[in-house]
Amino acid sequence: MPARSFESDLYPGMAGTPSTPSRRMPCRLALALLALALLAGCGDKPPADSAATAPPPSVVAAPARLEAVTQQAAFVGRVVAVDRVDLRARVPGFLKERKFTEGQEIEVGDLLFLIEPEHYQSLVSQRQADLAKAVADEENARAQLRRGEELLAEKNIAAAKVDELRAAESIAKASIAQAQAALDAAKLDLSYTRITAPVAGRIGLASYGVGNLVGPESGRLATIVSADPIYVQFPVTQRERLVARRDMAAQGETIETIEVLARLPDDSIYAHKGRLDFVDVTTDSGTDSVTVRAVFPNPEGVLIDGQFISVLLQQDRPQMGITVPQAALQIDQQGVYLLVIDAEGKAQVRRIQTGATQGAQVAVAQGLAEGELVIVEGAQKVRPGQVVTATPPQQPAGDPTP
């Protein structure tokens, strides 16, 4: 039998003759044992305790400060024009002229639409003629009555005839009144052909152009809305109203001392302050809320009728309170909390009740004392009870150190 090399035992494919299964199995077993030995050798060295050597997480912490806090409540309101008028045609006719540009400012009495007046002018002329005829008939009836009365005094006419003349005069007088009323109606219809502005403000889109037939059934021709001043209406629940009344009474506040601000859709504060001027006398049964109205100056026309904005009600006299940066607030299913660093340098969960927001700061109504360190940045790296390394927030260049 020819001699077999060591390579042929390990790698049977390299030999000239195929190896038998009985010779392949010991080789595989040897390789498996060798791999197990290598793995066991690697496990002889115990793993390093990384947790014991890792430094405490670094966080940015700021102390809670005692500052002047203005109590504030926010509501969602809708802008409502003080005056809003839908212009309508009161007589039928073709539009002859449109005297405005859509969106322009108009004044009281400005001519806006002109309905063809010729037909109504002719009716006025006809009613004037009817009145003149009635006046002439009345003069004739009065003259006939005078002659009849003279003849009756001379006993040259029957008394019944004089009674007829007297009745004819009364009828003639009534005809004058009737003709005068018809003339007044015709003049009124003629005046309706000129549609003028009843209020000052801005005029919107025109629903009809020149040449269209319009009338009372045509609906709105255009809308005028006043711009300055302007109302903002917002709902206040009965609970909020009662709490506000109690707080105002305790602090000596009145509705006149409440400052009203508006936050625009871009989160900027409207330049002009408003004032409360009306609280509705009934409650909405569906929402258990009462409508409150504020009035704002609007010289630049920033507030537009129908717009939604936020209404902020605040006291005119600030009070001292605890504040922290808004970045320190955390929220879970139980509510708002902070991570506070205790005397041992450990992070602890602190449940709080928040108050008014002032810029980047938020007032803490309950749950925090002045001077306590709260974690502002890096809270996601910290577990409650874990020791942390705290550094103060970086001050922007040029800002004074608090």
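The values are calculated or read from the model by the stated rules, or taken from the named source; none is laboratory data. Since this is a predicted model, take the numbers as computed values, not measurements. All Cβ positions, even for glycine, are placed from backbone atoms using ideal geometry, and neighbour counts span all protein chains on display.
See the values below:
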| item | result |
| --- | --- |
| Top-ranked residue of the range 264-279 - restricted to ones that are assigned to a loop (DSSP other than H, G, I, E, B) and of a type in the set (A, V, I, L, M, F, W, C), ranked as farthest from Val295 (Cα to Cα) | Leu264 |
| So Val279, is it touching a Phe, Trp or Tyr at 6+ places or on another chain (Cβ under 9 Å), surrounded by 12 or more Cβ atoms within 10 Å (Cβ to Cβ) and not basic (Lys, Arg) | no |
| Residue check, Gly355 at pLDDT 85 or above and within 33 Å of the chain's Cα centre (by Cα) | no |
| Count - residues of the range 71-84 that are surrounded by 18 or more Cβ atoms within 10 Å (Cβ to Cβ) and either outside any strand (DSSP E or B) or free of Cβ contacts under 8 Å to residues at least 40 places away in the same chain (or both) | 1 |
| Test: Asp266 is out of contact with any Pro (no Cβ under 8 Å at 6 or more places or on another chain) and loosely packed, with under 14 Cβ neighbours inside 10 Å | yes |
| The range 180-211, residues that are of a type outside the set (S, T, N, Q), surrounded by 14 or more Cβ atoms within 10 Å (Cβ to Cβ), closer than 23 Å to Glu118 by Cα and out of contact with any Phe, Trp or Tyr (no Cβ under 6 Å at 6 or more places or on another chain) | Ala182, Leu183, Ala186, Lys187, Tyr192, Arg194, Ala197, Tyr208 |
| Number of the condition not met by Glu217 [criteria: (1) surrounded by 12 or more Cβ atoms within 10 Å (Cβ to Cβ); (2) at pLDDT 90 or above; (3) part of a helix (DSSP H, G or I)] | (1) |
| Conditions (1) part of a helix (DSSP H, G or I); (2) more than 30 Å from Ala262 (Cβ to Cβ); (3) within 35 Å of the chain's Cα centre (by Cα); (4) among the small types (Gly, Ala, Ser); number of the one not met by Ala172 | (3) |
| Residues of the range 243-263 classified as part of a loop (DSSP other than H, G, I, E, B) and surrounded by 11 or more Cβ atoms within 10 Å (Cβ to Cβ), total | 2 |
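Residue-wise test of (1) part of a strand (DSSP E or B); (2) touching a Pro at 6+ places or on another chain (Cβ under 7 Å); (3) closer than 29 Å to Val260 by Cβ.
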| position | (1), (2), (3) |
| --- | --- |
| Asp305 | no, no, yes |
| Leu313 | yes, no, yes |
| Ile322 | yes, no, yes |
| Glu344 | no, no, no |
| Thr357 | yes, no, yes |
| Ala363 | yes, no, yes |
